[in-house]
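Have a look at the structure below before the remarks.
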Amino acid sequence: MLALTIKEKKQQKKLINIWVITFLLAFPLLITLGLLMRLSQGEVTETSPIDFYMYMTLHGLGMIGVLFSFAFAGLWYLVSTRFVKLNHKLGYFIYILILIGLIGLTIATLIGKYGPGWYMLYPLPFINTFWKDWATILATLSLIVMGVAWLIGILHVLSAMAKEYGGFSNLLGWQYLKKGKEAKKELPPLIMITTIALIPGIFAVIAAAILLILFLMQVFEPSLSFDALMMKNLVMFFGHIVANITMYCAVGWVYHILPEFTGRKITTNKVLVYSWNATFFLIVFAFFHHMYMDFVQPLPFQILGQLASYASPIPATAITMFTVISQLYKSKVNWGEVPLMFLIGVAGWAIGGFAAVVDSTIAFNSVLHNTLWVPAHFHTYMLMGVIPFILAFLFYITSSKNNVNGSLFTKLGFWIFTIGSYAFLLMFYLGGVKSIPRRYSSYAGVQLEQVSDIGKQLAHYASYMVYVLLLGLLLMYISIFMRLISKKSEQEYIAEIE
Amino acid sequence: MKHSVLISTLHNTIGFITLIGVAIVIFTVIFLFTTSQSNEDKKIIKEKVYGLRRKYFWGLTTLLTIGFFTSLVYLPYDKSEKADETIYVLSFQWGWKMAPEPFVSDLNDYNGKNEIDITANENIKFIITSKDVTHSFGIYNDKGELLSQAQAMPGYNNELLYRFEKKGVYKVLCMEYCGIAHAMMIATINVN
């Protein structure tokens, strides 16, 4: 265990608390944007297409930004308080940069009406736009600021860990693969997973940087134009990796935190090393499945996309999910908030991942691509995977360990949230099976009765479900805020990690 | 089997496969809840879980391998099949121009209509591009089922081969967000 002074621990605790409050404020606001979109599609409210696409853009970019940043901040906290010293001042600097980026995006969208969607599919931000150039510039600069913050943070965490564990190959666990040699220093699974998740993050940020610099060049020199297929590959490479590693960062928490509740330690071994090293390649290459319907994309890339997507569930389920099963099976665990939320999160990851593998089948993709099936699976992955992990993390860092069974009030909130979320997601899945296109500001004008009727009805039902999940969230919020402001839990906490 | 039947089957298959996946996950979660409080020797538990994991690993790998190679038979990229008719599709913000005549060098001058007539049971090759931003050419039948699609990207021609086996009115919707009137882009294909 890392030797830290109480002051150092408090500094890191303060930093994560700021992140917690930021997440707790931003998350329901971003959900509200999604709700406004479903209300508009359900013809409950009237929203202009300009506002709809502006909401859609902020909802997407904001959620990616907030969720990845929080997943990273959570890793930072666990790594810095348990394993490797990290510079908390740099942590604050990164936080401020990300906050500036998020505020910039909010202004570009809510005031500037920037609305090309999270993926800003080139050349959409430059042709017949309903927003001004300044909004494109502000959004682009904001994303660059966030990317710089992520890059600084990732490099700091990786280099500090590499120093502690004797180089990158050790961080990847390769010392466990050498025959006859015992690893000199035990590598905690959290450290290996952090490494595997964050290195692709560097690649993603570099891809985004290239894309965004080209964007800026075109804003200032409109006669320029770039290859649309290359730009799409770049943006999908970035987006896929960031969404994917948001999950893997959170999975790292599970490996570290769940054993504290089950009393069954997870140690790094050969199988775990092989599995996570394979995951590294799957994270990097699966993004090709976003381009199946671009028939001009070279065929080997299309096949590679499906191959990497099909291979992804092998390490994810056979290793990580089985690890969770072996943690909980006959463990006599107390079903407090944390293990409960981790288990439901793993289940959501499995369901979202399953639906993603279905969509990653090229033959199915012909009838699923850009239907509501797509938001169905990634919302499952995020809303019922990453979010329960984040909630578990929040309760973990704000609760006393004496409170083993958790509060009934919180668990009631969580079950209401879970039921509301799955009912909400079901409307997306049904929309996918019924061929309803995504990113339609309204289904009213579609000259195809089934699409316009079903699209509208599903959106209408989904909007009710959002109220249910928000109610569940509210109950959990009350509980988290009570714990955050309770001085007692803070002192207890400090005593516990000493 | 008729294509219309096949397409309904395809959508149902997708729904069914996913339901099976969801059922397995729910079963596992309930199993873990119900068994979590019982007692067993740690060593036996470890052996049991590892034994099951080995079987699961090989079972899953076999299933995915079979699924992978089977699905490759149904790739939409086959260019070897001969086309009976070629239709050029130009997409733009916010509409479609379709015609049998090849594209001209300046796409602004291309003439085409947003409603065309074609013959049933012929292999139709759609050559699809865009004049401005990326769109996507999605073919729907009169039941509102998506039959096939291909992206319409500026600077590229995507070739989609499709055979309409049933006479009737088909609609084209845009499947890629392309700006403010994305939901309004519509065209008609009459199959006689």
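The residue list A:Ala228, A:Ala286, A:Ala243 contains one member that is touching a Phe, Trp or Tyr at 6+ places or on another chain (Cβ under 7 Å), in contact (Cβ under 8 Å) with a residue 60 or more places away in the chain and buried (at least 21 other Cβ atoms within 10 Å of the Cβ), which is A:Ala228. Residues that are within 30 Å of A:Thr195 (Cβ to Cβ) and in contact (Cβ under 8 Å) with a residue 60 or more places away in the chain were ranked within region A:95-119; the one that is surrounded by the most Cβ atoms within 10 Å (Cβ to Cβ) is A:Leu102. Of the candidates A:Ile191, A:Ile196, A:Ile202, A:Ile152, the single residue that is closer than 22 Å to A:Ile64 by Cβ and surrounded by 21 or more Cβ atoms within 10 Å (Cβ to Cβ) is A:Ile196. Counting only residues that are within 20 Å of A:Thr106 (Cβ to Cβ) and open to solvent by 10 Å² or more (accessible area, probe 1.4 Å), region A:13-26 holds 6 of them.
Annotation: of all residues in region A:161-173 being under 24 Å from the mean Cα position of the chain (by Cα) and in a helix (DSSP H, G or I), the one that is farthest from A:Ile94 (Cα to Cα) is A:Leu171. In region B:19-64, what count of residues is obtained for those that are surrounded by 12 or more Cβ atoms within 10 Å (Cβ to Cβ) and of a type in the set (S, T, N, Q)? So the answer is 5. Here region A:349-378 is the region considered, the condition is being of a type in the set (Gly, Ala, Ser) and assigned to a helix (DSSP H, G or I), and the residue that is surrounded by the fewest Cβ atoms within 10 Å (Cβ to Cβ) is A:Ala363.
When we screen B:Gly112, B:Gly95, B:Gly138 for residues that are more than 17 Å from the chain's Cα centre (by Cα) and within 13 Å of chain A (Cβ to nearest Cβ), the only hit is B:Gly95. Among the residues making up region A:412-458, those that are of a type outside the set (A, V, I, L, M, F, W, C), in a helix (DSSP H, G or I) and at the interface with chain B (Cβ under 9 Å from one of its Cβ atoms) are A:Tyr429, A:Gly432, A:Glu449, A:Gln450, A:Ser452, A:Asp453. Which residues, taken from region A:123-160, are more than 14 Å from chain B (Cβ to nearest Cβ) and outside any helix (DSSP H, G or I)? Passing the criteria: only A:Lys132. Identify all residues within region A:219-234 that are assigned to a helix (DSSP H, G or I) and in contact with a helix residue (DSSP H, G or I) (Cβ under 6 Å, 6 or more places away or on another chain); write none if there are none. Passing the criteria: A:Val219, A:Leu234. Of the residues examined, B:Leu60 is one that is facing another protein chain (nearest Cβ under 7 Å) and of a type in the set (A, V, I, L, M, F, W, C).
Checking the stated criteria, A:Thr262 turns out to be open to solvent by less than 30 Å² (accessible area, probe 1.4 Å), among the hydroxyl-bearing types (Ser, Thr, Tyr) and touching a Ser or Thr at 6+ places or on another chain (Cβ under 8 Å). Return a yes/no flag: does region A:398-410 have any residue that is closer than 27 Å to A:Phe354 by Cα and either part of a helix (DSSP H, G or I) or not basic (Lys, Arg) (or both). For region A:398-410, residues closer than 27 Å to A:Phe354 by Cα and either part of a helix (DSSP H, G or I) or not basic (Lys, Arg) (or both): absent. Could you go through region A:339-348 and let me know if any residue there is more than 7 Å from chain B (Cβ to nearest Cβ), part of a helix (DSSP H, G or I) and free of Cβ contacts under 8 Å to residues at least 40 places away in the same chain. No, every residue in region A:339-348 fails to be more than 7 Å from chain B (Cβ to nearest Cβ), part of a helix (DSSP H, G or I) and free of Cβ contacts under 8 Å to residues at least 40 places away in the same chain. Determine whether A:Lys163 is farther than 17 Å from A:Ile98 by Cα, in contact with a Gly (Cβ under 9 Å, 6 or more places away or on another chain) and away from chain B (no Cβ under 14 Å). Against the criterion (farther than 17 Å from A:Ile98 by Cα, in contact with a Gly (Cβ under 9 Å, 6 or more places away or on another chain) and away from chain B (no Cβ under 14 Å)), A:Lys163 does not qualify. Answer yes or no: is there a residue in region A:379-393 that is open to solvent by less than 10 Å² (accessible area, probe 1.4 Å), within 8 Å of chain B (Cβ to nearest Cβ) and touching a residue at least 24 places away in the same chain (Cβ under 8 Å). For region A:379-393, residues open to solvent by less than 10 Å² (accessible area, probe 1.4 Å), within 8 Å of chain B (Cβ to nearest Cβ) and touching a residue at least 24 places away in the same chain (Cβ under 8 Å): absent. Restricting attention to region A:246-266, the residues that are in contact (Cβ under 8 Å) with a residue 12 or more places away in the chain and outside any helix (DSSP H, G or I) total 3. The condition of being outside any helix (DSSP H, G or I) and of a type in the set (A, V, I, L, M, F, W, C) holds for A:Trp335. Counting residues in region A:159-180 that are touching a residue at least 24 places away in the same chain (Cβ under 8 Å) and in contact with a strand residue (DSSP E or B) (Cβ under 8 Å, 6 or more places away or on another chain) gives zero.
If you go through region A:418-468 and keep only what is buried (at least 18 other Cβ atoms within 10 Å of the Cβ) and among the hydroxyl-bearing types (Ser, Thr, Tyr), you end up with A:Thr418, A:Ser421, A:Tyr422, A:Tyr429, A:Ser435, A:Tyr440, A:Ser441, A:Ser442, A:Tyr443, A:Ser452, A:Ser463. Within region A:447-480, restricting attention to residues that are of a type in the set (Phe, Trp, Tyr) and in contact (Cβ under 8 Å) with a residue 24 or more places away in the chain, the residue that is nearest to A:Thr371 (Cα to Cα) is A:Tyr461. Just so you know, in region B:94-130 the residues that are touching a residue at least 60 places away in the same chain (Cβ under 8 Å) and not β-branched (Val, Ile, Thr) include one that is nearest to B:Tyr177 (Cα to Cα), and it is B:Trp94.
The values are calculated or read from the model by the stated rules, or taken from the named source; none is laboratory data. Note that this is a predicted model, so its numbers are computed, not measured. Please note: Cβ atoms are built from the backbone with ideal geometry, for glycine as well, and neighbour counts cover all protein chains shown. For the accessible areas, the whole protein counts, side chains as well, though only heavy atoms, and no ligand, DNA or RNA atoms are used. Shrake-Rupley method; radii C 1.70, N 1.55, O 1.52, S 1.80 Å.
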